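The values are calculated or read from the model by the stated rules, or taken from the named source; none is laboratory data. Model, not experiment: these values are computed from the prediction. Here the Cβ positions follow ideal geometry from the backbone for every residue, glycine too, while neighbour counts run over all protein chains shown. Protein only, heavy atoms only, side chains kept; ligands, DNA and RNA dropped before computing areas. Shrake-Rupley method; radii C 1.70, N 1.55, O 1.52, S 1.80 Å.
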Amino acid sequence: MLAEVISIGDELTSGQRLDTNSQWLSERLGELGLRVMYHTTVADDLDANVRVFRAAIERADVVVASGGLGPTADDLTRDVLAAAIGRELTLDPAALEHIERLFARRQRPMPERNRVQAMFPAGSRVVPNPEGTAPGIDLTVPRQCTPHAPREDVRHAERDEYTCAPNEDSPAGGTCRVFALPGVPAEMKRMWNDSVAPAIREMLPSPRIICYRRIKCFGVGESDLEAMLPDLIRRGREPQVGITVSGATITLRIAATGESREACLAAMEPTVDTIHDCLGDLAFGEEDDELQDAVIRLLAAKGKTLATAEWGTGGLIADWLSTAQDSALHQLGGLPPNLPLPLGEGRGEGEAPSTAGSLRPNPLPKREGTDQLPNAPYLGGFVVTSPQSRSQLIESTGHALPPDAATESIVSALAAAGRLRLSSDYALAIGELPLYDPAAPVPPRFYYAIATPAGIRARSSPYAGPADILKLRAAKQALNLLRLELLHA
């Protein structure tokens, strides 16, 4: 079954507020086995809303809308649904009584305007709202078009209505189930869990869910990585594999449909194996893993320690490593009750669990060949912001660099100084980042280095790409050099 999610409000279309309702509803619909094909955001305009709902009804089996059910003049969803399907609004006495009781309990007189919240398109069902004055609407609408078939809208201006061009491949007909919910997230989620999700489950011929798995990669570009995968990104493949890039990290997103979470995960496993076989060390983790999580786990497994010395990244790597280490160490003895759960863990009361499994960061592994739990592998770091502070750090270890030292020598000395000062097994250093010049015929390079028990290795990479991720990518390239060193040490 196909679904569409509609979000309503000027505050969304103007960019003043981020639409998080659509994301949440899409996740829940996927957990029920529905594929969300469309997200539509529409302003508080009657004609625009009517067109949006008419289009959604003809192309989706289930439509879930949020917003527009309040008592004010710009809350139009009731009127929109009535106009879209050609029915009158009628008063529901039970809904009105519920609204009156809410005001009485709050010891406030009910404004006359709130009566409109008890008006529903004829033939619709009420979705109770235990938390507020805006009940939802549950409506079954006959389609005019063939479900999911190619369609052509023909507008009859004189009647202000739409019909669909006939389709010869399959008979027209079927119905669309429309649910309209308030835009207040707490009310919307409660109503989904109590009423909407059970109603959709009853529509399904057999239990189906959609599960997702994400594999994180770093080290090549998006098109290069896709070329390394044998036909995995092909449209229509099952399980589906999508590819996205954010902050220079590539995510492969695998989606499978099945009768249970176990069936979905089993269906994904051959695809996961193929990805790892094809990409090798380019794949560094899953779900919410970042490069720093992989580095911390490798250090802990080998019983090694790390220090950092940063110039151009201003402590960014140190912040990442400290956060990753704290999250992993908390897992060894469970999270203290006063700490928030990491992203993906836990939901509000009555909310459905994630079908993707726990997104909590992996705990630190025991040391290789022992039953010992690891100590904190990241010891700390140094941040320098000028040639003077850089020289002071290096000279504090009894070494000095000539004034005309090459950049490669400088980052090597920084790595050596970090390792000596904190007596760590490894140290990672990154030098000064060059000025960004998108017009330069040849992009400048930046340098980074690792100090190991066997010596020091420096590397350089072009400082080029989108300006907003240059520093992020530089920090990740340095971290990735250390990750590869640890993998093959």
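Here are the numbers for this structure:
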{"item": "Point-charge dipole on Cβ atoms (K/R +1, D/E -1) for the stretch 389-489, about Cα centre, debye to 20", "result": "260 debye"}
{"item": "Accessible area expressed per residue, the stretch 219-332, with surrounding protein chains retained (probe 1.4 Å, Å²)", "result": "41 Å²"}
{"item": "Relative packing of peptides 42-48, 393-399 - highest average C-beta neighbours within 10 Å first", "result": "42-48, 393-399"}
{"item": "Extension reserve of the Thr407-Thr72 stretch, reckoned as 0.36 nm per residue once the Cα distance is removed", "result": "114.2 nm"}
{"item": "Percent carbon-and-sulfur accessible area, the stretch 26-97, ignoring ligands, DNA and RNA, probe 1.4 Å", "result": "49 percent"}
{"item": "Computed label-point distance, nm, for sites Glu222 and Glu97 using a 7 Å Cα→Cβ extension", "result": "5.6 nm"}
{"item": "Two-site FRET efficiency, Gln388 against Glu131, from Cβ-Cβ distance with R₀ of 60 Å, rounded to 0.05", "result": "0.50"}
{"item": "Stretchable slack from Ala186 to Met37, in nm (0.36 nm times residue separation minus alpha-carbon distance)", "result": "51.2 nm"}
{"item": "Global geometry of the stretch 203-247, whether rounded, prolate or oblate, following the gyration tensor of its Cα atoms and the 1.5 cut on a/c", "result": "prolate"}
{"item": "Accessible area per residue in Å² at 1.4 Å probe, computed on the stretch 399-458", "result": "53 Å²"}
{"item": "With every protein chain in place, the stretch 390-489: carbon and sulfur % of accessible area (1.4 Å)", "result": "52 percent"}
{"item": "For the stretch 398-489: rounded, prolate or oblate by the Cα gyration tensor [a/c cutoff 1.5]", "result": "oblate"}
{"item": "Charge dipole of the stretch 375-489 about the Cα centre (unit charges at C-beta), most positive-ward option of Gly418, His488, Ala474", "result": "His488"}
{"item": "Accessible area per residue in Å² at 1.4 Å probe, computed on the stretch 47-140", "result": "42 Å²"}
{"item": "Share of carbon and sulfur in the accessible heavy-atom surface of the stretch 182-279 [1.4 Å probe, %]", "result": "49 percent"}
